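Structure record follows, encoded as structure tokens.
The values are calculated or read from the model by the stated rules, or taken from the named source; none is laboratory data. Because the structure is predicted, anything quoted here is derived from the model rather than measured. Here the Cβ positions follow ideal geometry from the backbone for every residue, glycine too, while neighbour counts run over all protein chains shown.
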Amino acid sequence: MALTALDKMNVQKYIKEHAMGDLYYGNMRETLGRRKDKVSDLEFLDYFTEYVVNELRKDEKISVKHLSKVVSCVEAILGWVHNENQPVTDETLDKIRSFREFYDEYLERTGIERDETLSTDYIDSVVSEVNELYPVDSIDTESVSKYINKVAELEKQIKKLEKELSEASRIYNSLDEEHQKKCSKLAGLKETVQSLEKDVREKGKEIINLNETIITLGSRIEELETSLNKATITNVELSSYKEQYGILSEEVGSLKTIIENAKKEKEAEAKAKAKHLSIESLVYQKLLLDRCSIDDLVRYIKEHKVDANNVEVADALRCMKKVITLDSSRFSTKPSYKIVRPELKEDGVFEIEVPYGCKHYDVMLVSDFHVREVDAKLLKGYDVLTNYCVRNGISLMLNLGDFYNGFSSHPLDYENAMKNYRVIEQTISELPVVDGLYHAVLGGNHEKNISNYGFDPVEMMSDARSDFLNLGYTHSTVTINSPTTYLGSFDIHHPDGFDFPIKLEEDGIDITEMNSYLEDIYSSLGKDRDESYIDIFGHTHVNQFNYPGGYCYIPSYFDGGSKRGACHLRIYFDEETDIKYMVFMPLSFSTGTRLDKTNEIVYQKVLTRKNNEE
């Protein structure tokens, strides 16, 4: 039973994982499992022989170490099957005898330097072994010719003797009995006849033996002629291959020239790109701190040992404008530039569209990731979050701010600017995209700190990926609509700075200060607070719910130790005309690898907050 593809993979894996001195045939057979007794030594020998030939027919570099192990396996198994008188096919023996020729052709074809250890200690050794155990009989055509001539001479002698015998018999028969008695030669003739008959019989046996030898030698000559014809055909093919090799060598030469030219062009491009990045970095670094003209920037760059001109600096400014917010005083004889904080969108409105006839809608509430780097911890935590959403049919995550932690210093410096930029780029490229799941991000005070470097992290995310949505900064109103009806709204918040006036007390939240804070917000927007069904906050890293006050806090997803988590919000609708009630389901990492629901809080806005306060 032949080796299967899986058997071959297991055998190769065993050879790769063991050093030359640790290879044991019995252990190798054990890798086949229950099939170990169904595969013979000869099948192992044929497989290893064919593997060596296929490797030496390749055009790319081979593993000399691995091939040496396989050749040593061929030599070992060859000795075992010979000692056990197992019949090895001539095809396999011829392939082993040809290992040296295959290796020489491989070296000539690839141009790779000869490995003397592989060539001498392994290939030459196994070829010598096969020639010693299975010597090839050489047929001397001259000896065959001698046999044929000898047979012809014997046949000639036999004919002569038969003629003499016939003549003697004729004389003997012509003599009468009395003359025979008298003739002294008669006895001699009889003896001669008997002797000749004996010689004829012996010569006849010798002729039979010689004829058998001639037949055997003839068959061997036919075999040798067939081998010679095959060798002639192979020689013709090799000549054709050599001609093709010459043509391919010329093509390789041309390709090498093209590759060298391409390398030089690539090196030149890389050098130009590196110079452009150096100029852009120095321009960014200078404009973070000072307003400068292009001439000022050229001087600054040259002070840092980088050769630059006005055109290159202007090109760097054009590239920076794609991401960085620049203030340009171009209406003068000497325009100047300065990196400024981009205009941040606040008090935005985000619309959720629910299908016609929808009874409820699910949202994932998260906050305060404080991403400092895109590492295994972040990716694993994000997978846990998105897996929960997929399992529970959630298509929208509302992130309540401080998605990034940010790096900052006073005054601003280029190093921290680049740290922030790289973290945002890594988030965009490495955070997995989940089909049908959107991540809407509200900018918090940490994102505002990052924006001082001239770029808006929330806008960068939403511009780069369609699954990231921009909720603006600090406050956003989330409206819910069916195809025909406005169903209601709620508001999300992330207060600025660490001087957030709301105090979290052991027995709950200071409702007075919270109401004052919210009244100021709604007053600045020209809205009545009762228009919102509930106010949901990030920023505080805690999980608290104030039913009378009509607001709640969402904990940090990563910071906060054992209190970290999220909240599954389910919004129920009343016959497609209004929000009926909401169910808040706080989630925690109780198992470490998944989010689990800790309880359910049913919230229904029955009275206005003003009446509730009274």
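Of the residues examined, Lys198 is one that is assigned to a helix (DSSP H, G or I), charged (D, E, K, R) and at pLDDT 80 or above. Within the range 464-482, one or more residues are without any contact (Cβ under 8 Å) to a residue 24 or more places away in the chain, out of contact with any Gly (no Cβ under 9 Å at 6 or more places or on another chain), surrounded by fewer than 23 Cβ atoms within 10 Å (Cβ to Cβ) and in the same structural domain as Lys580 (by TED's automatic domain parsing).
Taken across the range 590-610, residues that are assigned by TED's automatic domain parsing to the domain that holds Ile480, buried (at least 16 other Cβ atoms within 10 Å of the Cβ), charged (D, E, K, R) and modelled with pLDDT under 75 do occur, with at least one present. Checking the stated criteria, Asp535 turns out not to satisfy the condition of being in contact with a Ser or Thr (Cβ under 7 Å, 6 or more places away or on another chain), under 13 Å from Phe490 (Cβ atoms), in the same structural domain as Glu519 (by TED's automatic domain parsing) and acidic (Asp, Glu).
If you scan the range 351-371, which residues turn out to be under 24 Å from Gln544 (Cα atoms) and touching a strand residue (DSSP E or B) at 6+ places or on another chain (Cβ under 8 Å)? Answer for the range 351-371, where residues must be under 24 Å from Gln544 (Cα atoms) and touching a strand residue (DSSP E or B) at 6+ places or on another chain (Cβ under 8 Å): His360, Tyr361, Asp362, Val363, Met364, Leu365, Val366, Ser367, Phe369, His370, Val371. When you look at Ile502, is it closer than 25 Å to Pro586 by Cβ and modelled with pLDDT of 85 or more, yes or no? Judged against the criteria, Ile502 is not a match. On the given criteria, is Lys338 assigned to a loop (DSSP other than H, G, I, E, B), touching a residue at least 40 places away in the same chain (Cβ under 8 Å) and more than 42 Å from the chain's Cα centre (by Cα)? Here the answer is no, as Lys338 does not meet what is asked.
For the range 84-107, filtering for residues that are within 22 Å of Gln244 (Cα to Cα) and among the aliphatic types (A, V, I, L, M) leaves 1.
Taken together, the residues in the range 533-554 that are more than 20 Å from Thr598 (Cβ to Cβ) and buried (at least 20 other Cβ atoms within 10 Å of the Cβ) amount to 5.
Only residues that are surrounded by 13 or more Cβ atoms within 10 Å (Cβ to Cβ) and more than 14 Å from Leu93 (Cα to Cα) were counted across the range 26-43, and they come to 9.
Being in a loop (DSSP other than H, G, I, E, B), in the same structural domain as Pro457 (by TED's automatic domain parsing) and surrounded by 15 or more Cβ atoms within 10 Å (Cβ to Cβ) holds for only one residue in Gly357, Gly406, and it is Gly406.
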